[in-house]
Amino acid sequence: MIYIPTLHTFAMNNVFTGSHGNLRFRIAPKVEKLPGSKEVDMENSTIEAEYWYGQLCYEKSTVEEKQIFPMTEDGCAALKQWLESKA
């Protein structure tokens, strides 16, 4: 099973990296704020996921594919399913 952090982690603009076997991945949020507020605009925020294979870090690897998901519970579930299909 691949672990994906909660939406709150991504809403706070945190990048997450992980691995499963030979699969490596990086998940980075693109957080949008509500106009005139510090609150996160979840409807317009997204999460970009990338994956690669091997033992090398992100900076020294060639990304196989990337995909953008909505910053929602359904988006996180789809992201997890997408990564698990690559493992």
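The values are calculated or read from the model by the stated rules, or taken from the named source; none is laboratory data. The structure displayed is predicted, hence computed values, not measured ones. All Cβ positions, even for glycine, are placed from backbone atoms using ideal geometry, and neighbour counts span all protein chains on display. When the accessible area is computed, the model is the full protein with side chains, heavy atoms only, and any ligands, DNA or RNA have been set aside. Shrake-Rupley method; radii C 1.70, N 1.55, O 1.52, S 1.80 Å.
Conditions (1) outside any loop (DSSP other than H, G, I, E, B); (2) touching a residue at least 24 places away in the same chain (Cβ under 8 Å), marked per residue:
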residue: Arg26; (1), (2): yes, yes
residue: Pro29; (1), (2): yes, yes
residue: Pro35; (1), (2): no, no
residue: Met42; (1), (2): no, yes
residue: Ile47; (1), (2): yes, yes
residue: Glu50; (1), (2): yes, yes
residue: Glu59; (1), (2): yes, no
residue: Thr62; (1), (2): no, no
residue: Gln67; (1), (2): yes, no
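Mind listing whichever residues of region 20-34 are closer than 15 Å to Leu83 by Cβ and loosely packed, with under 14 Cβ neighbours inside 10 Å?
Gly21, Asn22, listed by residue number.
Residues checked against (1) among the small types (Gly, Ala, Ser); (2) modelled with pLDDT of 95 or more; (3) open to solvent by less than 60 Å² (accessible area, probe 1.4 Å):
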| site | (1), (2), (3) |
| --- | --- |
| Met1 | no, no, no |
| Gly36 | yes, no, no |
| Glu39 | no, no, no |
| Ser45 | yes, yes, yes |
| Ala49 | yes, yes, yes |
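Of everything in region 8-24, what is outside any strand (DSSP E or B), farther than 15 Å from Val63 by Cβ and within 12 Å of the chain's Cα centre (by Cα)? Give them in sequence order.
The answer is Thr9, Phe10, Ala11, Asn13, Asn14.
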